[in-house]
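Computed from the coordinates by the stated procedures, all read-outs in this text should not be read as laboratory data. For clarity, every value in this text was computed on a predicted model and none was experimentally measured. We place every Cβ from the backbone using ideal geometry, glycine too, and count neighbours over all the protein chains shown.
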Protein chains: 2
Amino acid sequence: MSIFSTETLKNMDAYVPGEQPQDKSYIKLNTNEFPFPPSEKVKAVVNSEKAEDLRLYSDPTCRILKEAITEVYDFKTENVFCGNGSDEVLALSFLAFCKKEDTVVFPDISYGFYPVFASFFGLKYNEIPLKEDFSIDTGDYLSDCGTVYIANPNAPTGLTLSEQEIEKILIANPNHVVVIDEAYCDFSDCSSMGLIGKYKNLLIVRTFSKSYALAGARIGFALGDRELIADLEKAKFSFNPYNLNRLSIEIGAAAIKDREYFEKTVSLIKENRKKLTDDLRQLGFTVLNSGANFVFAKKDGVDGEQLYLKLKENGILVRHFSKERIKDYLRITVGTKEQNAALIDTLGRNLK
Amino acid sequence: MSIFSTETLKNMDAYVPGEQPQDKSYIKLNTNEFPFPPSEKVKAVVNSEKAEDLRLYSDPTCRILKEAITEVYDFKTENVFCGNGSDEVLALSFLAFCKKEDTVVFPDISYGFYPVFASFFGLKYNEIPLKEDFSIDTGDYLSDCGTVYIANPNAPTGLTLSEQEIEKILIANPNHVVVIDEAYCDFSDCSSMGLIGKYKNLLIVRTFSKSYALAGARIGFALGDRELIADLEKAKFSFNPYNLNRLSIEIGAAAIKDREYFEKTVSLIKENRKKLTDDLRQLGFTVLNSGANFVFAKKDGVDGEQLYLKLKENGILVRHFSKERIKDYLRITVGTKEQNAALIDTLGRNLK
């Protein structure tokens, strides 16, 4: 650190993203990317004519992207906020809604960025332990003591909460925003979108990085009551008004409108997830029931880090976390049939 | 505001960007965009093959973009930080270097985002009045009381400070970072880059939005001592690690490598600026000597807002600021020869 750095920066534990080797030499099952390419409609808007328009600023209101989102989800554009990836949406929600005197709450095992954001904004937070079976006990989130962050499906477990369970949390926290991070929700049926008209404190955060095969385009969005969205807009206009570039705005709009491709490819992932889960169990793994595009698995008597390293040696990247409670688990992205088969084959050979 | 919003958000005065009509019906001289298209090399990397790769996360280290920047400017990649527009770079610099106990200092008339960032991060700031002739008195910036932000050329005046003057500020502020915002520097000869090896407290912020015709791609960068850059990287990894999308990383690298196109188009802007300045003076305007791709001008006895509205009525957008000291000035982006001629013609007809 330089002598000029602030206390906030010194005290920060930066988020450690999964490895991103740029040489494409690995079967990459470590960062929950989609194994299929984006929609053909996306390719159609990435062309030299659009490149020519890059001399002009992007639309700070992201109008065409918001309109495309509202066409699919039947909200008004005033209910939609767009960000440079869902990470930026989450960051701005911390700024907009997490008060200094409150305590932000989220599970101890969840998206690793929540505590990083809390420390970035100098906030107190409480990491509530998951139950023994890694499920969330909604009873732990009824104290109305601060903004609640719940990933649904949760990461890296893949476990989901029902709409009824989320509703209990919303009712018990009338004075605080409940943020439901639905990054992986398209791979399950656990969305809380149906509750948006009913609860003013519900904010749903979504991403194009997973189910739309657009991790590299950096597009996230939030859905919620118009007042919450207006607050996020104000935060954004105080931080980075032109947060989405011109191409990503067009790319997101094109991707979400292609429902046929979306349905088809997401179905394929669900099929592949079922087969991968079965195959891992066949090999003696404990695999949690995943509602996401990854599975969370361990094998009794096998060290998680050693297995991660062994797979890497064999050209397969998966994600390992050193946190005590989950250090023997691996988070494995659901890939194509071929990628999953290669993984199962490698595991079979190495676990003998 | 919602009942959930934080005090920080409530107290914030969001930045008001220039108008961004999306229909292209105006001659747009209001947000300092480049009137020529980006390099042909940029168009070459915006294609369906690159679109296919969007399923993968972008490189959080922005390696190829940093390497392209170091090729041009002869630094090491450890001296370069990349952001989602220079606004994000500036925002992260506030977080990384502006201590709560200090007072951030910048001119009263400068980039309107500096006070917004200061309030975003809850910091005290001191807006130091420019001299009567709108120049910066470097004597006002020698107190070593907090991070200094100086736009050079300054906006919206277009006036520049010499390297010697910047050096005085650096020497007088050994305990604080001096941020020189060189967004418009390619249109003049006032860069402080030569001082980077010499002063550990110098951070230079640059953008691809102006001289590289890429406002819509959202690419900014900073140059400075490796410790300052490491601090910015830490801040970024705590906020939004994948802050640049895949396409913008490629686009920026392609643009900066095409030196021939850069030199040619920037020269044209300088020529056009000279002619525009002369023509405005011919019409009786006071025009400051600009080192940027805009001019700052007023005509005695003519109300600035009225003139802005009259031009808009005639299909020409320029920027007007309501701040008392400059409310009779217009900031006019230097356009193509034809755009500038249309402006002069419209002014001539309407000022009779």
Pick out, from B:Ala96, B:Pro60, B:Gln164, the residue whose Cα sits farthest towards the positive end of the charge dipole of chain B, with +1 on the Cβ of Lys and Arg and -1 on the Cβ of Asp and Glu.
B:Pro60
Where does the protein assembly as shown land at 222 nm, in deg cm²/dmol rounded to the nearest 500, when only DSSP H runs of n ≥ 4 count, each adding -39500 (n - 2.57), divided by all residues?
-11000 deg cm²/dmol
Ranked on Cβ counts within 10 Å of their own Cβ, fewest leading, B:Arg55, B:Arg325, B:Arg331 go B:Arg325, B:Arg55, B:Arg331
Inter-chain shielding metric for B:6-16, i.e. average beta-carbon neighbours from other chains within 10 angstrom, reads 6
Mind jotting down the distance between the C-alpha centroids of segment B:26-52 and segment A:247-269, whole Å?
25
About the Cα centre of chain B, how large is the charge dipole given +1 on each Lys and Arg Cβ and -1 on each Asp and Glu Cβ? Please answer in debye to the nearest 20.
660
Footprinting proxy, A:Met193, A:Met1: sorted fewest to most Cβ within 10 Å, the residues are A:Met1, A:Met193
Suppose every Lys and Arg Cβ carries +1 and every Asp and Glu Cβ carries -1, with no other charges. What dipole size does segment A:195-259 come out with about its Cα centre, to the nearest 20 debye?
120
With a Förster distance of 45 angstrom and the Cβ-Cβ distance between B:Ala230 and B:Gln282, calculated FRET efficiency to the nearest 0.05 equals 0.30
Mind checking B:198-209 for the average number of partner chain beta-carbons within 10 Å of each residue's beta-carbon?
1
Express in nm, to one decimal, how much length is gained between A:Val302 and A:Thr103 on full extension, taking 0.36 nm for each residue of separation and deducting their alpha carbon distance.
67.9 nm
Which of B:Thr8, B:Val42, A:Ile136 sits closest to the plus end of the dipole of the protein assembly as shown, meaning its Cα is farthest towards the positive end, when Lys and Arg get +1 and Asp and Glu get -1 on the C-beta?
B:Val42
Exposure-ranked with fewest Cβ neighbours within 10 Å first, A:Ile171, B:Ile256 stand as A:Ile171, B:Ile256
Charges at C-beta only: +1 for Lys and Arg, -1 for Asp and Glu. How large is the resulting dipole of segment B:230-298 about its Cα centre, in Debye rounded to 20?
180
Pop out the ³J(HN,Hα) list for segment A:177-194 in order, Karplus 6.51 cos²θ - 1.76 cosθ + 1.60 with θ = phi - 60°, rounded to Hz; leave Gly and Pro as x.
6, 10, 9, 9, 8, 9, 3, 10, 5, 5, 8, 9, 10, 10, 5, 9, 4, x
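Multiplying the sequence separation of A:Ser48 and A:Lys275 by 0.36 nm and subtracting their Cα-Cα distance, what value in nm do you get?
Additional length available on full extension: 77.6 nm.
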Enter the mean number of other protein chain beta carbons within 10 Å of the beta carbon of each residue in A:55-63, as an integer.
6
Ascending list, in nanometres, of distances separating the A:Leu268 label from those of the other copies (7 Å, Cα toward Cβ)
4.4
